[in-house]
Amino acid sequence: MTKKFNIKVSAGILTLLLTLGASNAITPALAESFADEENTSSTRYLSDDFEFLLEISALPELDDHWSKELFVWAMNYQIVHGYSNGSYQPDRPVSEAELLKMLFKLLGAALPGSTGPNWEEGPYRMAKHNNLPAKGIERPSEKFKAVNRQTAAEIVAGITGVNYSGENAIRYLVGNQLIPVELDPSLETFDGEASLTRAEALAWLRVLSLKGYMNIGFRPQEPSNPSLLHESPQLTPIQNTEYFSYIPVTTEDLYVYDKNNSSQASIKLGMNKTEVDSRFSLTDEEQDIFDNFNYSNLKVGFDKNGLVNRWNVYDHEDGNPHPLVTSRGIQPGKSTLSDVIKKYGTGGYSGNDILEYVFEIDPKGVLQPVTDRRFTRHNTDGYILSFIIDRETKVVWYASVMTYKYAYYDFYDSF
């Protein structure tokens with residue numbers, strides 16, 4: 001079976017895609033633009049990234065706003081667009097048309113931005129096609145009015161493939177943690193008549209994304225069974241920082257381990273080929289077109305000195321989990337999106353089926369996460385840890401690590 005996935009491209013994922021032989025490979029011109037980007041003399045990590053990003057993006061209105069990171073994410077992935085005057089207005093009530101556009105963009109729909117004429121027509125056609133309870137379908141005057149939280153809840157519930165309305169829609173979302181509960185901790189505190197701000201709408205979307213929703217669901221014609229709902233949902237709040245968290249890693253966390261013997265790494269970055277050959281058997285087709293060596297349970301690449309600079313393991317679809325795991329127990333064919341997020345943090349997940357964690361080595365030798373890929377230094381002192389998730393099952397089917405030097409330089413030199 002051929003795996004299918006949609007992505008937002010970075011240099012590491014581009015390398016990963018081409019290595020897999022994906023049909024939607026990136027053009028050589030785009031590949032060259034990644035490879036030729038100049039090194040920069042300054043280095044920024046963690047929270048500095050967002051301050052600098054806001055500085056160069058000229059968005060002072062977001063400087064001290066609680067939703068700053070959400071807008072950075074949404075702008076990066078074109079989920080939200082600014083207004084014609086260049087503002088983003090996080091506290092402005094979101095209109096029904098804007099909410100629909102954000103939702104569909106999050107879930108991969110090809111829609112234009114909100115700057116052209118009649119941009120709302122596409123979102124409303126999709127809403128009608130998927131039977132979503134948007135008021136503007138029947139009453140056009142409602143399209144650009146502030147959507148209330150009750151209607152927003154019914155639309156979001158509908159896009160997940162259920163048909164709940166009124167209090168049941170709220171109970172469904174809160175009970176299944178599909179909206180941020182620090183904003184709406186219980187059924188009793190949910191004010192359905194109040195408006196939803198643009199910032200709050202993005203928080204709803206981020207939580208929906210972290211729950212693994214990647215496809216636009218069809219809302220059934222008949223109401224869903226209310227007996228499946230939580231009677232009185234009361235949940236532990238998700239803190240804002242968890243929308244984009246990073247769990248510290250060491251170099252050892254980038255190695256491959258045997259599931260049944262995790263005391264010693266099976267593959268280490270920098271390991272020589274002779275040692276790898278002694279541990280794994282080469283297949284009949286020893287190398288692929290990207291000079292990765294095909295071993296029995298994984299692919300391994302080596303630099304010009306014969307030292308490991310990349311590896312990948314993937315689900316063979318034989319019904320059995322892969323025998324190799326990461327240091328934190330992520331196992332292709334068994335582990336899920338939720339497992340990866342728990343072990344490595346939410347920051348590497350932009351949405352859809354790709355997780356990409358980028359780390360650079362600071363002057364003290366500590367691996368620091370790069371919180372926005374525009375801040376990668378493109379030098380040799382970094383690593384990219386990637387996972388691909390099956391869109392339907394949410395199970396990991398691919399895991400890889402590669403060095404910066406390979407991802408940004410050596411890979412392109414092979415063409």
Taking Phe302, Phe218, Phe387 and counting other beta carbon atoms within 10 angstrom, the fewest-first order is Phe218, Phe302, Phe387
Relative contact order of segment 251-410, please, whole-number percent, based on alpha carbon pairs below 8 angstrom and at least 6 residues apart. 20
The exposure ranking of Leu337, Leu385, fewest beta-carbon neighbours within 10 Å first, is Leu337, Leu385
Run the reach check for Lys343 against lysines, Cα to Cα strictly under 26 Å, same-chain hits fewer than 8 apart removed. What comes back? Lys3, Lys4, Lys8, Lys68, Lys211, Lys259, Lys268, Lys299, Lys334, Lys364, Lys394, Lys405
Proxy reagent accessibility, fewest Cβ within 10 Å first, across Tyr349, Tyr77: Tyr77, Tyr349
Could you work out the Rg to Rh ratio of segment 187-344, with Rh taken as the Kirkwood radius (inverse of the mean 1/r over all Cα pairs)? 1.13
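Once you keep just the Cα pairs under 8 angstrom separated by 6 or more residues, what percentage relative contact order results for segment 65-228? Mind dumping the intermediate values first?
Numbers: 230 pairs, mean separation 47.9, N = 164.
Over segment 65-228, the number comes to 29 percent.
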Rounded to whole Å and sorted largest first, what semi-axes of the equivalent ellipsoid does the C-alpha gyration tensor of segment 65-228 yield via the square root of 5 times each eigenvalue? 23, 19, 15
Mind grabbing the base-10 log of I(q)/I(0) for segment 251-410 at q = 0.13 Å⁻¹? Debye formula, identical points on the C-alpha positions, no solvent, two decimal places. -0.60
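Every read-out reported here was derived from the displayed coordinates using simple, explicitly stated rules and does not represent laboratory data. Because the structure is predicted, anything quoted here is derived from the model rather than measured. All Cβ positions, even for glycine, are placed from backbone atoms using ideal geometry, and neighbour counts span all protein chains on display.
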